[in-house]
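Asker: Here it is: the structure, laid out below.
FYI, it's all coordinate maths here, none of it is from the lab. Please read these numbers as outputs of a predicted model, since none were measured by experiment. With ideal geometry, Cβ positions are generated from the backbone for all residues, glycine too; neighbour counts draw on all protein chains shown.
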């Protein structure tokens, strides 16, 4: 049995997806330990999974909350730069701290989130096998393909190709602070030069929560890239969930969630609630602890039928006629699995790219989280509730998700990738 270390950005959604994979490996007898700044311990709620704190000097307990607030609402260019600097400092800290911690814990292999370059840098520098996991949209690049953070539709015409190329150049310029850290740490580890996230991925196995039919057309993924669909635990440990409400038949039921970082957006939830009232739709709002009790009460006056901190997302989506979401990949993939059309209100990170892919796949619509008013939201929700084309396309995608293998297949791939490096018989493949 192996001892796996897990390295990911300190975001709840990333720890949740990787936690499901960690739990599956633990069920198979492996030992799994997450490593990050002290505050990230709160994101590991399964007692079968370990946590080891690193970087307390530069990232002390109590400091993560401010970083998460900046990430949730970066604001203008200065705020965005601060978020990028946070990302660069986290990568630098992990590159400095992980080698000693991995040695002390006797880690055999790493599971590295694609969004944290330190996993690949440290693993390669130490000669340790690692598997890359795309909890968000894959960062693997292809010419002409819009990056995950871009809101553009895919196209192979000249204008679309120019937009993809130009936006990539802008993104790489903005990410210069992070690139410099990756370059410096690659030199320090004595490994070949690299500077971007997509250059720090595993040569053994790469696992993605997506399915190919959801993404834009790809032509150049490596042979060791695997679409496995959502990484979920059958029975998550430590989850806080409100019971499903009694849903009245004969009226539409809408589920609204903006994820773990955006749940404080009271004004946006109010517009969603008013839109649902215009449609006489039942609305369940899950704000993930972002709202006060008085704000929750105000939402009910505005048209929300139920308001809670955390809902059973799988159960809510299974019953919902539509979901209003920030287009976080966890929610998007769960909605696809449940055949629930999506009204995407992207805010940050890869959410604009996920929203673009939702529209490309024909499984939902997109609106502006900042500017869309109740009437506009109501009009789009009405389309999702009445037009049959969305359901037909969701059926196709849901079938792809059901056949992708999910967490158990991801665990198989991880085990096989480790044996490829050690004791897997010749001729066996991942």
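Asker: Given labels modelled 7 Å from the Cα in the Cβ direction, how far is it in nm from residue 176 to residue 301?
Answerer: Label at residue 176, label at residue 301, 5.0 nm between them.
Asker: What value, in deg cm²/dmol to 500, does the helix sum -39500 (n - 2.57) over DSSP H runs of n ≥ 4 give at 222 nm once divided by the residues of the chain?
Answerer: Dividing the helical sum by the residues of the chain leaves -14000 deg cm²/dmol.
Asker: Further, regarding this structure: Helix 351-361 sits at what angle to the longest principal axis of the chain, using alpha carbons and giving 0 to 90 degrees rounded to 10?
Answerer: Roughly 70 degrees, rounded to the nearest 10.
Asker: Follow-up. Between 400, 42, 356, where does the largest GNM mean-square fluctuation fall for the chain, given springs only between Cα atoms within less than 10 Å?
Answerer: In this elastic network of the chain, the residue with the biggest mean-square fluctuation among 400, 42, 356 is 42.
Asker: Just 248, 338, 24 to compare: in a GNM of the chain, with alpha carbon springs under 10 Å, which one fluctuates most?
Answerer: Top of the fluctuation ranking is 248.
Asker: Sticking with this one: Less than 12 Å from a label point 7 Å out along the Cα-to-Cβ axis of residue 310: which backbone N atoms in the range 13-36 qualify, by residue?
Answerer: Label zone hits: 13, 16.
Asker: Moving on to the next point. Please give the residues of the range 1-25, grouped as numeric ranges, whose backbone N is less than 11 Å from a label point set 7 Å along the Cα-to-Cβ vector of residue 42.
Answerer: Counting backbone N atoms under 11 Å from the label point, the list is 12.
Asker: Something else about it: Note down the Stokes-Einstein diffusion coefficient of the range 1-98 in µm²/s, whole number, using a Kirkwood radius over alpha carbon pairs, 20 °C, and 1.002 mPa s.
Answerer: 151
Asker: With each pseudo-label sitting 7 Å past Cα toward Cβ, what's the residue 159-residue 70 distance in nm, one decimal?
Answerer: Roughly 3.8 nm, to one decimal.
Asker: Beyond 12 Å, what share of the Cα-Cα pairs of the range 320-367 remains, rounded to the nearest whole percent? Write out the running numbers ahead of the final one.
Answerer: On the way: 571 of 1128 pairs.
Tail of P(r) above 12 Å: 51 percent of Cα pairs.
Asker: Any number yet on Rg/Rh for the chain, C-alpha, Kirkwood?
Answerer: 0.96
Asker: Please determine, in degrees from 0 to 90 and to the nearest 10, the orientation of helix 293-302 with respect to the longest principal axis defined by the Cα atoms of the chain, where the helix direction is its Cα long axis.
Answerer: 40
Asker: I need 386, 168, 340 ordered by Cβ neighbour count within 10 Å, fewest first.
Answerer: In increasing order of surrounding Cβ atoms, one gets 386, 168, 340.
Asker: Quick check: residue separation of residue 408 and residue 169 times 0.36 nm, minus the Cα distance between them. What number comes out in nm?
Answerer: 82.3 nm
Asker: Could you check the simple spin-label distance between residue 221 and residue 280, using points 7 Å along Cα→Cβ, in nm with one decimal?
Answerer: The answer from the label model is 4.5 nm.
Asker: In addition: Report, to two decimal places, the Cα Rg of the range 260-313 normalised by 2.2 N^0.38 Å (N = number of residues).
Answerer: Its radius of gyration relative to the 2.2 N^0.38 Å reference: 1.00.
Asker: Here is a follow-up. Compute the acute angle (0 to 90°) between the alpha-carbon long axis of helix 12-27 and the principal axis of greatest extent of the alpha-carbon atoms of the chain; round to the nearest 10°.
Answerer: 60
Asker: Here is a further query. Taking the Cα centroid of the range 175-252 and of the range 270-318, what is the distance between the two, rounded to the nearest whole Å?
Answerer: The range 175-252 and the range 270-318 have Cα centres spaced 29 Å from each other.
Asker: Where q = 0.15 Å⁻¹, what log10 of I(q)/I(0) comes from the Debye formula for the range 253-402, counting one point per Cα?
Answerer: For the range 253-402, the Cα-only Debye profile gives -0.66.
Asker: Okay, next question. Pop the C-beta distance of residue 382 and residue 85 into the FRET formula with R0 = 51 Å and round what comes out to the nearest 0.05.
Answerer: Efficiency for this residue pair is about 0.75.
Asker: So if I take the centroid of the Cα atoms in the range 345-407 and the same for the range 15-86, what is the distance between those two points in Å?
Answerer: If you average the Cα positions of each part, the centres end up 28 Å apart.
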